[in-house]
Structures are given as structure tokens and as C-alpha cells.
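The values are calculated or read from the model by the stated rules, or taken from the named source; none is laboratory data. On a predicted model such as this, the values are computed, not experimentally measured, just so you know. Because the Cβ atoms are built from the backbone with ideal geometry, glycine has one as well, and the counts that use them run over all protein chains shown.
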Amino acid sequence: MPSPERRDARADSKPGLVPPWAVALAVAAFSAGTVITTLVWHSVRPDPFDVWVMRGQEAAFAYGGGIGRVVSITVAPVVIAAMLASAGVAWWVGRWDAVVLALTAAPVALGVEIGLKQLVHRQRPGGPDLVYPSGHLAVASAACLTIALVLRVTTVPSRTTAIVVSLAGAYVLLIAAARLVETVHFLTDVLGGAATGIVVAVGAALAITVLRHVARASGSQPPPSRQGR
């Protein structure tokens, strides 16, 4: 039976959930999201840039509004399927930290998005709906990045991983286009949603990594010795 030291060495040799590029991406997303949030904070009127983009959105709605609605309703089943598939692959190779990430990142992104809507309180002109950030983009972006983080720590071939991640990224762009074509969101709502999903996915991965190291350190400590009186 392998010693505790050998088991710890094997665990340490496994790649971490959060590569440097993911941290850099999350920092960039957080910075961009902070700027956008400041611009739209408690606003009821769109900024000039959103107004300009909305003109194109309204023109596109006349041709593709129905298609956009159909695409948008695929988010829930696609994200659930991605969660289960990622968790299944991670479970197959014994990466329980990746299993937890696969099953929690998207739901946490949804919860954060709901909270941000109440906090930022951006409303559409003439209506009570809260639109920032886009929930569809928050959840889809979190699921997409989670797929990338999970697959890189498994035995899935790098070429297969690249194809799957590319398809997931293309799906996120498709959802972004659908929400814009539907004219239910301004461009800044969509960008804020994507930033939210990225930050949540990386934050969840970092939190799981820290908890994993803490649990491992606690389990590897020898029990206190009993000294005779």
C-alpha cells in the first residue's frame, strides 16, 4: 500500500484546475465587467454606444428575431448536458475536484447573475425588466470555460479538447448573437454576462483548488502523540 507521502506526491503531480491563462482571462474579464457595470449602474437609458448598436439589432430582428428566440431556448438543455458530460469525463479519470467544478460553475454563475441584476438595477427604457448582465451569456460562458478547464486535466486527447472547446466557444457567440437579434439586451448587457461567467468559473476553480489543498494538508498531518505522565 503506498505511503501517505507517495500518495501526496501523486496528487501534486496532477495538473491544477486553474492554468495561468485562465487567471489572466478572469482578471481581464473582471476589469472589463467593472468598467461596464460602472457605466450602466442604476441606469434607465442606454448609453450612446448601445443606442447605435441597437439600430443594427432592430434591423436584424426583422429577419432573424424568430431564429434568435429558438436559439436562446437551447441554453438550459445544452448547459445541463455540458455539465453532466464534463462531470462524467472528470469522474472517469478520478478528478473529483473537476467533477465539483463541472457541476457547480454554471449554477453559481446563474446565482451571481441574478444577484447582480438586483444590485446594478439597469432597466430597459419604459419597462421594469432588469437586463444587466445577460443571464444566458453568464451561464453559457461559465459552462464553456468549465469545459476547457475540466478537459485539460483529463486524458482526453489535446486535439479532441481543442475541437470541443472551439465548438463550445462558437455556441457562446451564437447565444450572444441570438440575444442581440432578439433585442432583449443591449451589447453591454451581453458583454457583462460573458464577463460574469468567466470570472465565476475561474473563481470557482480557484476556490475548489484551495479547499482541496486544505483538506489534503489536514489529512496528511499525523495525529497528536500521547505522552505518558
- Note on the structure: Of (1) surrounded by 14 or more Cβ atoms within 10 Å (Cβ to Cβ); (2) within 21 Å of ALA140 (Cβ to Cβ); (3) under 25 Å from the mean Cα position of the chain (by Cα), ALA28 fails just (1)
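Can you name the helices (runs of 4 or more DSSP H) wholly within the range 86-190 that have at least 1 residues being touching a Phe, Trp or Tyr at 6+ places or on another chain (Cβ under 9 Å), of a type in the set (D, E, K, R) and under 30 Å from PRO46 (Cβ atoms)?
Qualifying helices (runs of 4 or more DSSP H): 96-120.
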- Is there a residue in the range 165-175 that is more than 30 Å from PHE61 (Cβ to Cβ) and in contact with a Gly (Cβ under 7 Å, 6 or more places away or on another chain)? no
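Let's see how each residue does on (1) of a type in the set (Val, Ile, Thr); (2) free of Cβ contacts under 8 Å to residues at least 24 places away in the same chain; (3) under 16 Å from ALA29 (Cα atoms):
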| residue | (1), (2), (3) |
| --- | --- |
| CYS144 | no, no, yes |
| VAL172 | yes, no, yes |
| ILE175 | yes, no, no |
| VAL184 | yes, no, no |
- Query: What number of residues in the range 153-182 are surrounded by 15 or more Cβ atoms within 10 Å (Cβ to Cβ), among the hydroxyl-bearing types (Ser, Thr, Tyr) and under 17 Å from the mean Cα position of the chain (by Cα)?
  - Reply: 1
- Mind counting the residues in the range 183-220 that are among the hydroxyl-bearing types (Ser, Thr, Tyr), more than 23 Å from LEU130 (Cβ to Cβ) and more than 20 Å from the chain's Cα centre (by Cα)? 2
- Message: Show the residue pairs meeting these rules: Cβ distance below 8 Å; 6+ apart or different chains; first residue within the range 81-106 and at pLDDT 95 or above; second residue of a type in the set (Phe, Trp, Tyr).
- Response: ALA90/TRP96; VAL99/TRP91
- Query: If we scan the range 150-170, do we find a residue that is out of contact with any Asp or Glu (no Cβ under 9 Å at 6 or more places or on another chain), at pLDDT 95 or above, of a type in the set (Val, Ile, Thr) and within 16 Å of VAL75 (Cβ to Cβ)?
  - Reply: no
